[in-house]
Amino acid sequence: MRSETRFRDGHLRGTASMKITTAGLILFTPQYQACVTFYRDCLRLRLLHRINRPGETLSTFDLGGAYLMIEPEDDPAAALARLPLKLRFNVPDVQASSEKLRQRGVEVRLRHHSWGSTAEFSDPAGTRCALRSDEGFGV
């Protein structure tokens, strides 16, 4: 039996949610190895698994309970056309984490907002990334 709720706008919405066991992001990039190195060595994400067989190459990193999968993309224009996103990593101390990235050769732009601080940077494929202060998140 399905459980549904009819809202004033006339739409039906189920009250039972889909059981998601793990969530992840897949980054398709022409700079596959540079991105693997960046997320492993600069951000120090833990490698969960890697596949490197003819016609099948990918690396998957732990992303704080979710995962980031990196796969090669042969068409740079197609990869860039799919990048209207920013990967954000919440950290306890944006300033200290930014300094660690700078020491690893990453260009970081620190920004202060009314709700906290962010540090903006890009991976080798041009994917926008940011650190965000944990304080006040979700409030």
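Between residues in segment 30-51 that are over 23 Å from residue 91 (Cβ atoms) and without any contact (Cβ under 8 Å) to a residue 40 or more places away in the chain and residues that are surrounded by 14 or more Cβ atoms within 10 Å (Cβ to Cβ) and among the hydrophobic types (A, V, I, L, M, F, W, C), which pairs lie under 7 Å by C-beta distance while being six or more apart or on different chains? Short answer, once both residue conditions are applied: 51/58.
Name the single residue that is modelled with the lowest pLDDT among those in segment 104-126 being touching a Cys at 6+ places or on another chain (Cβ under 7 Å) and hydrophobic (A, V, I, L, M, F, W, C). Filtering first and then ranking leaves 125. Filtering segment 25-69 to residues that are closer than 21 Å to residue 100 by Cβ and surrounded by 17 or more Cβ atoms within 10 Å (Cβ to Cβ) leaves 35, 36, 38, 39, 42, 43, 45, 61, 63, 68.
The values are calculated or read from the model by the stated rules, or taken from the named source; none is laboratory data. No experiment lies behind these values; they were computed from the predicted model shown. Neighbour counts are summed over all protein chains in view; Cβ atoms, including those assigned to glycine, are modelled from backbone coordinates with ideal geometry.
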